[in-house]
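Asks: Submitted below is the structure of interest, expressed as structure tokens.
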Amino acid sequence: MKVCHIINDLSRGGSESHLYSLVELQRENGHDVSVILLGKDLKFFFSLEDSFKELDIEIVRFNGPKKLQGFNPFSIFRSVRYLSKVKFDVIHSHSPRSDFLSYISNLLLPEKIRWVVTVHGKYGTYLEGNRFVDILRKYSISILVKIWLKADAVIAISKSIEDWMSDLNKTLKPNIIPYGIKIQERPSVDSSNDMKIGFMGRLNQNKGIEDLIDTFKELKNENSSDFINAKLAIAGVGIKAYEKRIKQVGDYKDIKFLGYVSDRGNFFNSINLFVFSSYSEGLGLVLLEAMSYGIICVSRNIEPMSDIIVDKENGYLFSSNEELKEIITLIKNISKKDKGSIVNNAIETIKNSYSIIHMYLQIEEVYSA
């Protein structure tokens, strides 16, 4: 089968990492795979381009104006010419702009190609922006919904996204196929009394990092009865203005900003508690990764993370800073046996519901339907 994936760029994030895992399995199973990129990778973010090239696939990058990615007439022309020449069996788009490009390109092709869309997030629901941006987002989403209705198949990466799409338009009926994760090797459950807390993700207001920092500061108050011996490592990068702001808030003893971390395994193996404080996610790939490494995980109690974590069984959920503080204190004091039970349940969750092979086979069914 010849498959062409279309995505904005290869700056490492949840959708880009998912695409790499999918393409890797598609190549292993004999598919002829290409990737169209709408523009240059983001500055200060790790690019997955070299990893994709190692898979021996063709990468076509359109280097048009950043704000016109997907809408640039020259990119549309190149897309139509390329798709006509190679004659793919499936086009698979992975972002709103790539959805638009795929839709227009398919309209202009002499023979239509099966077109599959994956919706990786609840677009337009994030905290950043202003009134003008919010109006523009609302208008853009209404257009996007009409485009999705033209696709041959739509994939949502979580039940939460499916519900959001249904609220937009009841006739949207996506297939729910979560990201797939590999189980990692971890020597043993870390029973140290020292809390080594970690957060990983893009640094922006939506991630709730300031809540985590404020809670950590309270726990480090030596005059408080809740005092714990802990360190906090924050991995990730973002817009420079927000990075500067968050580093000022986090300019505190035992808080370390790591910047972009390319060796994710080394990061996860250096912590014994992962806190995912995000206010909105399509799925939360980094949370699944942390669980796969056998780390006790704490997440904000919102969908879809609350669909992944069953409170006090395979992790913990919090709704406020005070609850987060109580949970961290609780975890510090639970026995090694109880920690092991939480970790084992988390790994079983990954095996049973977020297996990378299960993800691949489900997408294959969508391609062939």
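The values are calculated or read from the model by the stated rules, or taken from the named source; none is laboratory data. Here the structure is a predicted model, which means the values were calculated and not measured. Cβ placement follows ideal geometry from the backbone for every residue including glycine, while neighbour counts extend to all protein chains displayed.
Asks: Can you list residue pairs whose Cβ atoms sit under 6 Å apart, with the first residue in region 15-27 being in the same structural domain as Arg97 (by TED's automatic domain parsing) and the second being surrounded by fewer than 22 Cβ atoms within 10 Å (Cβ to Cβ) and of a type in the set (Phe, Trp, Tyr)? Count only pairs 6 or more apart in sequence or on different chains.
Replies: So the pair list comes out as Leu25/Tyr360.
Asks: Being modelled with pLDDT under 95, in contact with a Pro (Cβ under 8 Å, 6 or more places away or on another chain), assigned by TED's automatic domain parsing to the domain that holds Leu212 and charged (D, E, K, R): is that true of Glu348 here?
Replies: So Glu348 fails the test.
Asks: So, one more: Residue under question is Val261, and the condition is that it be outside any loop (DSSP other than H, G, I, E, B), of a type in the set (Val, Ile, Thr) and under 16 Å from the mean Cα position of the chain (by Cα); does it hold?
Replies: The answer is no for Val261.
Asks: Mind checking which residues of region 47-57 are at pLDDT below 90 and crowded, with 17+ Cβ neighbours inside 10 Å?
Replies: none
Asks: Next question, about the same structure. Looking only at region 111-126, count every residue that is assigned to a loop (DSSP other than H, G, I, E, B) and not hydroxyl-bearing (Ser, Thr, Tyr) and tell me the total.
Replies: 7
Asks: Which of the residues that make up region 342-357 are surrounded by 15 or more Cβ atoms within 10 Å (Cβ to Cβ) and in a helix (DSSP H, G or I)?
Replies: Ile342, Val343, Asn345, Ala346, Ile347, Thr349, Ile350, Ile356, listed by residue number.
Asks: Go through (1) at pLDDT 90 or above; (2) surrounded by 15 or more Cβ atoms within 10 Å (Cβ to Cβ) one by one and return the number of the condition Ile143 breaks.
Replies: Evaluating Ile143 over (1) at pLDDT 90 or above; (2) surrounded by 15 or more Cβ atoms within 10 Å (Cβ to Cβ) leaves (2) as the failure.
Asks: Condition first: under 14 Å from the mean Cα position of the chain (by Cα) and either part of a strand (DSSP E or B) or not aliphatic (A, V, I, L, M) (or both). Now tell me which residues in region 8-39 satisfy that.
Replies: Residues satisfying the conditions are Ser11, Arg12, Gly13, Gly14, Ser15, Glu16, Ser17, His18, Tyr20, Ser21.
Asks: Continuing with the same structure: Conditions first: (1) in contact (Cβ under 8 Å) with a residue 40 or more places away in the chain; (2) within 21 Å of the chain's Cα centre (by Cα); (3) over 23 Å from Arg12 (Cβ atoms). Asn314 passes all but one, so which condition is the exception?
Replies: (1)
Asks: Which of the residues spanning region 101-110 are closer than 18 Å to Val3 by Cβ and part of a loop (DSSP other than H, G, I, E, B)?
Replies: Leu109, the sole residue that qualifies.
Asks: How about region 320-335: which of its residues are closer than 14 Å to Leu212 by Cβ and either assigned to a helix (DSSP H, G or I) or in contact (Cβ under 8 Å) with a residue 12 or more places away in the chain (or both)?
Replies: Asn321, Glu322, Glu323, Leu324, Lys325, Ile327, Ile328
Asks: Moving on. Looking at region 58-100, which of its residues are within 24 Å of the chain's Cα centre (by Cα), part of a loop (DSSP other than H, G, I, E, B) and modelled with pLDDT of 95 or more?
Replies: His94
Asks: Let me ask something else. Restricting attention to region 285-306, which residues are in contact with a Ser or Thr (Cβ under 7 Å, 6 or more places away or on another chain) and part of a helix (DSSP H, G or I)?
Replies: Matches in region 285-306: Leu285, Leu287, Met291, Met305.
Asks: Continuing with the same structure: Let me spell it out: the conditions are (1) out of contact with any Asp or Glu (no Cβ under 6 Å at 6 or more places or on another chain); (2) buried (at least 22 other Cβ atoms within 10 Å of the Cβ), and Ser93 meets all of them except one. Which number is the exception?
Replies: Checking Ser93 against (1) out of contact with any Asp or Glu (no Cβ under 6 Å at 6 or more places or on another chain); (2) buried (at least 22 other Cβ atoms within 10 Å of the Cβ), the one that fails is (1).
Asks: Would you be able to tell me the number of residues in region 279-302 that are farther than 21 Å from Gly265 by Cα and under 14 Å from the mean Cα position of the chain (by Cα)?
Replies: 4
Asks: Separate question: Which residue, of Glu303, Glu289, Glu326, Glu281, is surrounded by fewer than 16 Cβ atoms within 10 Å (Cβ to Cβ), not assigned by TED's automatic domain parsing to the domain that holds Ile161 and not β-branched (Val, Ile, Thr)?
Replies: Of the residues listed, the single one that is surrounded by fewer than 16 Cβ atoms within 10 Å (Cβ to Cβ), not assigned by TED's automatic domain parsing to the domain that holds Ile161 and not β-branched (Val, Ile, Thr) is Glu326.
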